[in-house]
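See below for the structure under consideration.
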Amino acid sequence: MDKKDKIILHALQENATLSVQELADKASLSPTACWKRIQKLQQEGVISKQVCVLDRKKLGVPVTVFVAIRTQSHTPEWLEQFASGVIDIPEVVEVYRMSGDIDYLLKVVAPDIEGFDQIYKRLIRTAHMYDVSSSFSMEELKCTTALPLTYC
């Protein structure tokens, strides 16, 4: 990956609706050369997909909750049951298996506290959990989908 690829990726992370011509101009390439680079980055999996980032407040889910889960069962069967359950809850937008004291960390969006309670009740039906702890975000200081390009 060279400097021109990074320019293209940086621009796409900021605005994936840019035309090939606009991207080519930013990277000082011809549109054909730029398009070939984009195709190569897609084929290599560097660009995994292009999406729209929506405003969660305007869509009625302004509350962000981080849910820490501990389990006493670490079997593949438990994980499969838990994973398939949380995948089916659209308000659960991120799920991580963790090291340390917490086994899983979830990021959940909700309309309000009462709405989160309904989500919580669906969540605890997915699989047996030893401990579930929820923390409500008071303020979002940074939220981005852009990845740093300095390490590639």
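Every read-out reported here was derived from the displayed coordinates using simple, explicitly stated rules and does not represent laboratory data. Computed from a predicted model, the values in this text were never measured in an experiment. Please note: Cβ atoms are built from the backbone with ideal geometry, for glycine as well, and neighbour counts cover all protein chains shown.
To check my understanding: the extent here is largest minus smallest coordinate of the Cα atoms along each principal axis. What are those three numbers for the range 1-40, in Å, largest first?
So the three principal-axis extents are 20, 19, 17 Å.
May I ask you to list the lysines whose Cα is less than 21 Å away from that of Lys58, ignoring any residue fewer than eight positions away on the same chain?
Lys107, Lys142
For the range 63-136, take every pair of Cα atoms, bin their distances at 5 Å starting from 0, and report each bin as a whole percent.
All Cα pairs, binned at 5 Å, distribute as 3, 16, 31, 29, 14, 5, 1 percent.
Output the peptides 68-81, 49-62 sorted from most to least packed, where packing is the average of other Cβ atoms within 10 Å over each peptide's residues.
68-81, 49-62
Want the number for Ser137 to Glu80: 0.36 nm per residue separation, take away the alpha-carbon distance, what's left? Please report the intermediate quantities before stating the final value.
On the way: separation 57, 0.36 × 57 = 20.52 nm, distance 2.84 nm.
Extra length from Ser137 to Glu80 when fully extended: 17.7 nm.
What FRET efficiency comes out for the pair Ile89/Ser48, r = Cβ-Cβ distance, R0 = 22 Å, nearest 0.05?
Working: r = 23 Å, r/R0 = 1.03.
The pair Ile89/Ser48 has a calculated efficiency of 0.45.
Stick to the Cα atoms of the chain, pair each with every other, and give me the Kirkwood hydrodynamic radius in Å at one decimal.
By the Kirkwood definition, the hydrodynamic radius is 18.3 Å.
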